[in-house]
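A.B. asks: My structure is below; once you've seen it, I'll send some questions.
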Amino acid sequence: MAQFLALGECMVELSGAGEGLFRRGFAGDTFNTAWYARRLLPADWSVGYATCVGKDAISDEMLAFMEGEGVDTAPVRRLDDATVGLYMISLNAAGERSFSYWRGQSAAKRMAEDLKWLDSALKGRDMIHFSAITLAILPPKSREFFCGALARARSKGAIVSFDTNLRPALWESVEAMKAGLMMGARTADIVLPSFDEEETLFGDTSPAQTLERYRGQGADMVAVKQGGGDLVLWQKDSGDLVVPARPVETVVDSTAAGDSFAAGLLAGLAMGQSLRDAAEQAMGLASRVIQSRGALVPEAAIPA
């Protein structure tokens with residue numbers, strides 16, 4: 001059985017339910033990708049999630065939720081003296097979101113403390129996905145250990161994907177954030193940046209400039225997202241490709257747009273689709289996700 005694994009932090013999510021009420025869920029960028037990948041990949045692929053959680057009731061409920069959604073929790077490490085983080089989504093009139101976080105007690109920040117566990121979680125995986133948020137929550141030295149483990153898995157045949165998802169507040173400095181992105185990119189075969197973030201952080205003037213940066217770090221494929229704009233891709237074997245944007249009438253909530261895009265692209269490539277077909281699937285899924293509230297949308301909203 002082929003194996004897809006995402007690593008990172010899953011959190012308690014509070015999203016608006018109307019009339020001042022909030023709906024509780026469980027989400028986090030790389031977990032969202034795993035959740036969508038499970039719905040896209042065939043039964044002969046297992047989809048797992050590697051993180052650290054506590055041994056308290058809310059950690060139990062999170063793992064039960066993951067298992068109920070078809071995500072394998074065998075790689076999860078449990079800690080006696082920690083729990084899981086929490087975040088709340090706030091939306092403006094245009095559907096753009098902002099986040100408030102409570103993650104000081106999060107066990108996921110200790111993912112690189114036990115390298116034997118980490119190597120074991122990565123062993124035998126065909127495709128591995130992580131993000132800049134995964135790196136940002138780790139202590140600086142732990143980022144090096146974490147990327148070292150990914151590099152070992154890559155050397156043994158795993159395809160590694162890296163989403164450059166930026167959360168500046170999580171990094172100790174702008175320079176640390178830039179260095180972390182480059183470290184993550186050097187570890188990956190596939191890099192998934194967003195042009196607006198690259199424009200802000202590096203001063204890029206075009207998606208081509210973003211492509212060139214990550215291609216220079218050794219990636220075999222780069223997909224530059226532009227929100228509602230065209231998708232600009234480069235693949236080592238096939239060169240450049242531009243996939244036109246999909247128009248969306250009303251954006252309800254942009255949460256998990258990039259996470260679902262990653263799932264659509266990676267699942268398509270894992271199933272042997274062409275780069276264009278995988279990109280079309282990714283854009284189609286993301287366009288549906290942003291028309292529903294919350295990170296994990298009703299399954300009826302996911303295209304076949």
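A.B. asks: Taking D56 as the residue in question, decide whether it is farther than 24 Å from R23 by Cβ and in contact (Cβ under 8 Å) with a residue 12 or more places away in the chain.
C.D. replies: On the way: farther than 24 Å from R23 by Cβ: no; in contact (Cβ under 8 Å) with a residue 12 or more places away in the chain: yes.
So D56 does not fit the description; no.
A.B. asks: Which ones in region 162-185 are part of a loop (DSSP other than H, G, I, E, B) and surrounded by 13 or more Cβ atoms within 10 Å (Cβ to Cβ)?
C.D. replies: Scanning region 162-185 gives T164, N165, L166, R167, W171.
A.B. asks: Tell me the residue from D237, D220 that is under 23 Å from H129 (Cα atoms) and loosely packed, with under 14 Cβ neighbours inside 10 Å, please. Break it down stepwise before answering.
C.D. replies: Numbers: D220 fails: loosely packed, with under 14 Cβ neighbours inside 10 Å.
Selected residue: D237, the only one of D237, D220 that is under 23 Å from H129 (Cα atoms) and loosely packed, with under 14 Cβ neighbours inside 10 Å.
A.B. asks: Out of curiosity, is R39 basic (K, R), in a strand (DSSP E or B) and either surrounded by fewer than 15 Cβ atoms within 10 Å (Cβ to Cβ) or in contact (Cβ under 8 Å) with a residue 40 or more places away in the chain (or both)? Full working, then the answer.
C.D. replies: Working: basic (K, R): yes; in a strand (DSSP E or B): no; either surrounded by fewer than 15 Cβ atoms within 10 Å (Cβ to Cβ) or in contact (Cβ under 8 Å) with a residue 40 or more places away in the chain (or both): yes.
Taking the combined requirement at face value, the residue does not satisfy it.
A.B. asks: Considering each residue of region 201-212, count those that are surrounded by fewer than 20 Cβ atoms within 10 Å (Cβ to Cβ) and either part of a loop (DSSP other than H, G, I, E, B) or touching a residue at least 12 places away in the same chain (Cβ under 8 Å) (or both), and give that number.
C.D. replies: 6
A.B. asks: Turning to a different aspect of this structure: Do any residues in region 59-81 that are touching a residue at least 60 places away in the same chain (Cβ under 8 Å) and on the phi < 0 side of the Ramachandran plot have Cβ atoms under 9 Å from those of residues that are assigned to a loop (DSSP other than H, G, I, E, B) and of a type in the set (V, I, T), where the two are at least six apart or on different chains, and which pairs are they?
C.D. replies: P75/T51
A.B. asks: How many residues are at pLDDT below 90 and among the hydroxyl-bearing types (S, T, Y) if we restrict to region 268-300?
C.D. replies: Residues flagged as at pLDDT below 90 and among the hydroxyl-bearing types (S, T, Y) within region 268-300 amount to 2.
This table checks each residue for (1) polar (S, T, N, Q); (2) buried (at least 16 other Cβ atoms within 10 Å of the Cβ); (3) touching a Leu at 6+ places or on another chain (Cβ under 6 Å); (4) part of a helix (DSSP H, G or I).
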site	(1), (2), (3), (4)
V12	no, yes, yes, no
S15	yes, yes, no, no
R23	no, no, no, no
E67	no, no, no, yes
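A.B. asks: For region 259-272, does any single residue satisfy the condition of being polar (S, T, N, Q) and over 25 Å from Q209 (Cα atoms)?
C.D. replies: Taking every residue of region 259-272 in turn, none turns out to be polar (S, T, N, Q) and over 25 Å from Q209 (Cα atoms).
Let's see how each residue does on (1) over 20 Å from L21 (Cα atoms); (2) out of contact with any helix residue (DSSP H, G or I) (no Cβ under 6 Å at 6 or more places or on another chain); (3) among the polar types (S, T, N, Q):
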residue: D60; (1), (2), (3): yes, yes, no
residue: A74; (1), (2), (3): yes, yes, no
residue: A82; (1), (2), (3): yes, no, no
residue: S98; (1), (2), (3): no, yes, yes
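A.B. asks: Does T255 satisfy the condition of being of a type in the set (S, T, N, Q), out of contact with any Gly (no Cβ under 6 Å at 6 or more places or on another chain), surrounded by 14 or more Cβ atoms within 10 Å (Cβ to Cβ) and not in a helix (DSSP H, G or I)?
C.D. replies: Answer is yes for this residue.
A.B. asks: Any chance region 114-124 includes a residue that's part of a strand (DSSP E or B) and either touching a Cys at 6+ places or on another chain (Cβ under 7 Å) or surrounded by fewer than 21 Cβ atoms within 10 Å (Cβ to Cβ) (or both)? If you could, list the steps in order and put the result at the bottom.
C.D. replies: Our first condition is that a residue be part of a strand (DSSP E or B); within region 114-124, this holds for none.
No, that holds for no residue.
A.B. asks: A further question on this structure: Please find, among T83, T51, the residue that is among the hydroxyl-bearing types (S, T, Y), surrounded by 21 or more Cβ atoms within 10 Å (Cβ to Cβ) and farther than 20 Å from L285 by Cβ.
C.D. replies: On the way: T83 fails: surrounded by 21 or more Cβ atoms within 10 Å (Cβ to Cβ).
Every option except T51 fails the conditions.
A.B. asks: Which one of A279, A188, A270, A245 is surrounded by fewer than 24 Cβ atoms within 10 Å (Cβ to Cβ), without any contact (Cβ under 8 Å) to a residue 60 or more places away in the chain and within 19 Å of the chain's Cα centre (by Cα)?
C.D. replies: A279
A.B. asks: Could you please let me know if Y36 is within 24 Å of V248 (Cα to Cα) and among the aromatic types (F, W, Y)?
C.D. replies: Taking the combined requirement at face value, the residue satisfies it.
The values are calculated or read from the model by the stated rules, or taken from the named source; none is laboratory data. Here the structure is a predicted model, which is why all the values come from computation and not from measurement. Counting neighbours? That spans all protein chains shown, and the Cβs are built from the backbone with ideal geometry, glycine included.
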